[in-house]
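Asker: Quick one: this structure, given as structure tokens, is what I'll be asking you about.
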Amino acid sequence: MSYNTFGREFRFTTWGESHGPALGATVDGTPPGVPVDEDFIQQFLDRRRPGTSKHTTQRKEADRVRILSGVFEGRSTGTPIQLMIENTDQRSKDYGDIATSFRPGHADITYHQKYGLRDYRGGGRSSARETAARVAAGGVAQAVLAHLLPTLSITGYMVQMGEMRLNRDRFDATAISENPFFLPDSTAVSAWSDYLDGIRKSQNSVGAAVEVLIAGCPPGLGAPVYAKLDTDLAAAMMSINAVKGVEIGEGMAAAALTGTANADEMRMGPDGPIFLSNHAGGILGGISTGQDIAVRFSVKPTSSITTPRKTINRMGEEIDLITKGRHDPCVGIRAVPVAEAMAACVVLDHLLMDRAQTGGKRGAIGEM
Ligand SMILES: Cc1cc2nc3c(=O)[nH]c(=O)nc-3n(C[C@H](O)[C@H](O)[C@H](O)COP(=O)(O)O)c2cc1C
């Protein structure tokens, strides 16, 4: 099962399965001398951790990260950083029923058809448990970004959960860390909570949309034509389990706009160009403009539900299947820290690629 590595200059390889003894990431390309330790990385894992509210799976993984190499006396040495997270709350018996049957909406059938052999416990390698390793790798990326680009911030939040939509007029960034939905509107939390309670009690699940805002990114990151910043961000988000659509800036809504409405006009400010709008989502020609970069994606409803679903088994028999186990009624919630981690890895990868190619030099504006 190859292709487990993400990135170019800043790379990580994740390893491990949902019900194995541990999983983790090997991170390579970290510049030396960056302050980073387990506590720093842990704060990101704690945001993704299951069992922190009634709105996420009740699995109780501690998700404690250990750094096995590449950090000495609290600083990166420039050698591979090995990160390990032990699996402590597996209940493999929950998955006995699916050893020979294919859960609808899961990768059981495609893994079986492709490999002929799979660790069915908890979905094995296809389980979103793998995203814990990405969040740990993203923690390293965040440490490097804080060191090299302290003005940068990466903020993920929910913008939709089924019928519930964020009212952008009420956007309040300070609310995001104060509620279990990563919702930037504290006044809507109880309505979202009641809605998801109803979904869960009716043995159902629901989809979501998440947005990641990258602010303070300098102009010039992104390498045309096959390593565009938007290409890499979209691929990074699409690689997250259950993601079915990705948009940058206006995204699909651009199809309804005219050229006069959509073009981001420019004026000259005291310190360089000023854009009068940001329909492009902070990226032109695959290269960052210096504006906020807005990436949005949709997440499908959790496939594991206790309502019986029609499926087939390995013998080709038609069956009805209830997926037992402890599942997230809306996986969009825990996808938020995963998306932030992927965004951090992409931006850092591009920062390092840009330094390698241009040395950070920029074309001047306002000089002849
Ligand atoms: C953070 C996170 C947690 C998830 N938890 C669950 C879960 O509890 N139950 C489930 O059915 N799917 C869950 N998923 C989604 C599945 O992993 C995913 O739908 C499945 O592996 C099939 O892959 P695909 O939807 O990308 O095609 C989760 C996804 C994410 C991002």
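The values are calculated or read from the model by the stated rules, or taken from the named source; none is laboratory data. Model, not experiment: these values are computed from the prediction. A quick note on method: Cβ atoms are made from the backbone with ideal geometry, for glycine too, and the neighbour counts reach across all protein chains shown. The accessibility values were calculated without ligands, DNA or RNA, using every heavy atom of the protein model including side chains. Shrake-Rupley method; radii C 1.70, N 1.55, O 1.52, S 1.80 Å.
Asker: Quick check for me: using +1 on Lys/Arg Cβ and -1 on Asp/Glu Cβ, what's the dipole size of region 100-223 about its Cα centre, in debye to the nearest 20?
Answerer: 600 debye
Asker: Sequence gap at least 6, Cα distance under 8 Å: using those rules, report the relative contact order of region 68-158 to the nearest whole percent.
Answerer: 19 percent
Asker: Once you charge only the Cβ atoms, +1 for Lys and Arg and -1 for Asp and Glu, what is the size of the charge dipole of the chain about its Cα centre, to the nearest 20 debye?
Answerer: It works out to roughly 1020 debye.
Asker: Just need the relative contact order of region 115-200 here, percent rounded to a whole number, with Cα pairs under 8 Å and 6+ apart.
Answerer: Taking the mean separation of contacting Cα pairs over the length of region 115-200, I get 17 percent.
Asker: Could I ask something else about it? Toward the positive end of the charge dipole of the chain, about the Cα centre and with charges on Cβ (Lys, Arg +1; Asp, Glu -1), which of Gly116, Val159, Tyr195 goes farthest?
Answerer: Ranked along the dipole, the leading option is Gly116.
Asker: Using Cα springs under 10 Å in a Gaussian network model of the chain, which residue among Gly116, Gly29, Gly281 shows the largest mean-square fluctuation?
Answerer: The residue with the greatest mean-square fluctuation here is Gly116.
Asker: Now, a different point. Any of Lys54/Lys310; Lys228/Lys361; Lys54/Lys201 with alpha carbons more than 22 Å apart? Name them for me.
Answerer: With Cα atoms farther than 22 Å apart: Lys54/Lys310.
Asker: Also, quick follow-up: Given Leu257, Ile312, Ile41, which one lies farthest toward the positive end of the charge dipole of the chain, if we put +1 on the Cβ of every Lys and Arg and -1 on the Cβ of every Asp and Glu?
Answerer: About the Cα centre, the residue reaching furthest to the positive side is Ile312.
Asker: List every residue whose amide H lies under 5 Å from the amide H of Ala223, counting only residues 5 or more places away in sequence or on a different chain, with H placed 1.01 Å from N in the peptide plane.
Answerer: Lys228, Leu229
Asker: Another one. Rank Val225, Val246, Val212 by mean-square fluctuation in a GNM of the chain with C-alpha springs under 10 angstrom and give only the top-ranked residue.
Answerer: Taking springs between Cα atoms under 10 Å, the residue moving most is Val225.
Asker: With a 1.4 Å probe and every protein chain kept in, tell me what percent of the accessible surface of the chain is carbon plus sulfur.
Answerer: Here it works out to 53 percent.
Asker: Shape call for region 187-237 from the C-alpha gyration tensor, a ≥ b ≥ c root eigenvalues: rounded (a/c under 1.5), prolate (a/b greater than b/c) or oblate?
Answerer: oblate
Asker: Taking the Cα centroid of region 150-166 and of region 327-357, what is the distance between the two, rounded to the nearest whole Å?
Answerer: 13 Å
Asker: Please express the shape of the chain as an equivalent ellipsoid: the semi-axes are the square roots of 5 times the eigenvalues of the C-alpha gyration tensor, given largest first in whole angstrom.
Answerer: 36, 26, 19
Asker: Where the Cα atoms of region 1-89 are projected onto their three principal axes, how long is each span, largest first, in whole Å?
Answerer: If we take the Cα atoms of region 1-89, the spans are 41, 32, 21 Å.
Asker: Here is a further query. Each residue of region 289-305 in turn: what ³J(HN,Hα) in whole Hz from Karplus with 6.51, -1.76, 1.60 and θ = phi - 60°, glycine and Pro shown as x?
Answerer: Result, ordered by residue: 8, x, 7, 4, 9, 10, 10, 10, 8, 9, 10, 6, x, 3, 6, 7, 10 Hz.
Asker: Then there's this: Is the C-alpha gyration tensor of region 103-220 telling us rounded, prolate or oblate? Criteria: a/c under 1.5 is rounded; beyond that, a/b larger than b/c is prolate, otherwise oblate.
Answerer: oblate
Asker: Take every Cα pair under 8 Å in the chain that's 6+ residues apart, average their separations, divide by the length, and report that relative contact order as a whole percent.
Answerer: Relative contact order, the chain: 21 percent.
Asker: Skip the ligands, DNA and RNA, and give the accessible area per residue of the chain with a 1.4 Å probe, whole Å².
Answerer: 48 Å²
Asker: For the chain, with the dipole built from +1 on Lys and Arg beta-carbon atoms and -1 on Asp and Glu ones, taken about the Cα centre, which of Asn87, Asn4, Tyr226 lies farthest toward the positive end?
Answerer: Among Asn87, Asn4, Tyr226, the one farthest towards the positive end of the dipole of the chain is Asn87.
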